[in-house]
Amino acid sequence: MRYRIKQFYWAITSNLKEVDSNIISKYLNKEEKEAFNKLKTSEKHHCVRVCNDAINMAREDNNINEKKLAKIALLHDVGKCGSPLNVFEKSIMVLLDRFTKGKLRNYTHLKKVDTYYNHPLKSAKILKKISSYDDEFLEAVARHHEKSYTEKNKYLEIIKKCDNMN
C-alpha cells in the first residue's frame, strides 16, 4: 500500500519536473521517441524510473543487453496513449480492481477500463509497427502486468519487478 501512495505522489508532482531527456536520447531512436512522447508526463517519468531501476538491477547480469532492457522499460506503457488515465482515474481503477477481485475486467468496453487492463498488449501492437523487435522484447512488453507466466524471460522478470516498484 505504501508504494501506491508513493506512486500517487510521483504522479501528482511529475508535472513539476522535467523528464530526463538524456536517458531517452541515449536509448531511443526517432520513431521510439515519437511513441514515448505521446505519453502523459507522469507516465514518461514512470517509464524513466522503471528504466533506471531495471538497468541497476541487471548490472550484474552479463546475459542482459542493457540497450534492449532500457528500450523495453521506456516503451512498456506506450499503449496508454489512446485513452490515458489521470492519477485519480488510475487510483480508482486500482481500488476497483482489488475490491472486485478482477471482475472489473468484464467492463473493457469502457475505454478507461480497457486501457487499464489492455495497455500492455496495445503497447506491443504499437511497437510492432515501429520496428522488428524480437519475440523476447515484445513478450516483456505484452505480459508485464500478468500475474503468472511460465517461460523464462529475464527481461520480463526485471520489467515486472521494476514496474511494480514504480
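The values are calculated or read from the model by the stated rules, or taken from the named source; none is laboratory data. The model shown is predicted, which means the values in this text are computed figures rather than measured ones. Neighbour counts are summed over all protein chains in view; Cβ atoms, including those assigned to glycine, are modelled from backbone coordinates with ideal geometry.
Listed conditions (1) of a type in the set (Lys, Arg); (2) under 23 Å from LYS30 (Cα atoms); (3) modelled with pLDDT under 95 are all met by LYS128, apart from (3). Counting only residues that are outside any helix (DSSP H, G or I), without any contact (Cβ under 8 Å) to a residue 12 or more places away in the chain and within 19 Å of MET57 (Cα to Cα), the range 129-166 holds 1 of them. Any residue that is buried (at least 17 other Cβ atoms within 10 Å of the Cβ), assigned to a helix (DSSP H, G or I) and at pLDDT 80 or above - is there at least one of those in the range 11-21? So far as the range 11-21 goes, no, none of its residues is buried (at least 17 other Cβ atoms within 10 Å of the Cβ), assigned to a helix (DSSP H, G or I) and at pLDDT 80 or above.
Among the residues of the range 116-142, write down those that are among the polar types (S, T, N, Q) and within 12 Å of the chain's Cα centre (by Cα). Break it down into steps so the answer makes sense when it comes.
To start, the set of residues in the range 116-142 that are among the polar types (S, T, N, Q) comprises 118, 123, 131-132.
Selection gives ASN118, SER123.
Of all residues in the range 57-88, those being assigned to a helix (DSSP H, G or I), within 13 Å of the chain's Cα centre (by Cα) and farther than 14 Å from ALA140 by Cα number 1.
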